[in-house]
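The structure appears below as structure tokens.
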Amino acid sequence: MRVAVYPGSFDPITNGHIDVLERSSKIFDRIIIAVVHNVTKKAMFTLDERVDMIRQSAAHIPNVEISCFSGLLANYLIEKQACAIIRGLRTVTDFEYEMHMAMINREIIPEIDTIFVTSDKNYIFISSSGVKEASMVGANVANLVPPVVNQALKQKYQASISLTT
Ligand code: PNS
């Protein structure tokens, strides 16, 4: 059984992530989405909210499971007996950061490869941070994120408006 881990913040999951997930799920027997619990990085959504949104958005992909991890990714990969790390690669701006991470992970755990998956061209510009920023100033991001995420972003936006009025 070929198991891959798809780690990330997923704050929140976007249509680009889902596209990468759908493509990866055809290559590997099992994909574990690993949502990072990072105490030093301020997230818009709690870990539970992120996991719940992923669960609903990825329900149509049969060989995907969702979990969380904290600490070193390499330890988590060993625990899950994974053979690969999945990372989405959009444009050249992602490359330096992703290459750096892949090299660090190779140094720590040489037997595991990082597989870069490119999404459909329609999703190449989507990022979690861009979606958050746009929705917090009232943009409609319904085409960029799964419906459950769109709803959650609208609620955050409404909450931020009522705080300022
Ligand atoms: O979606 P993100 O925020 O780009 O994901 C980054 C993530 C979670 C994959 C990365 O920060 C990570 O692997 N964190 C765990 C700590 C670790 O293992 N660091 C060494 C590899 S850089």
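Note on Ser70 and Val137: their simple-model spin labels are 3.4 nm apart, each label 7 Å out from Cα toward Cβ. Shape class for the stretch 57-165, computed from the alpha carbon gyration tensor (a ≥ b ≥ c): prolate, with a/c not under 1.5 and a/b above b/c. For the chain, the number of Lys pairs separated by eight or more positions or lying on different chains, with C-alpha atoms closer than 17 Å, is 5. In degrees from 0 to 90, rounded to the nearest 10, what is the angle of the helix 92-108 Cα long axis to the longest principal axis of the chain? For helix 92-108, the angle is close to 40 degrees. With the simple model of a label 7 Å out from the Cα in the direction of the Cβ, Val39 to Thr118 spans 4.0 nm. Angle of helix 147-164 to the longest C-alpha principal axis of the chain, folded into 0 to 90 degrees and rounded to 10: 50°.
Can you bin the stretch 3-124 into rounded, prolate or oblate? Criterion: square roots of the alpha carbon gyration tensor eigenvalues sorted a ≥ b ≥ c, rounded for a/c under 1.5, prolate for a/b above b/c, oblate for the rest. Judged from the Cα gyration tensor, the stretch 3-124 comes out rounded (a/c under 1.5). Please give me, ordered by residue number, the GluC sites (Glu not before Pro) of the stretch 92-152 that lie in loop per DSSP and have at most 14 other Cβ atoms within 10 Å. The qualifying sites are Glu111.
Bear in mind that the values in this text are calculations on the coordinates, not laboratory data. Keep in mind the model is a prediction, meaning the values are calculated, not measured. Note: ideal-geometry Cβ built from the backbone for every residue, glycine included; neighbour counts use all protein chains shown.
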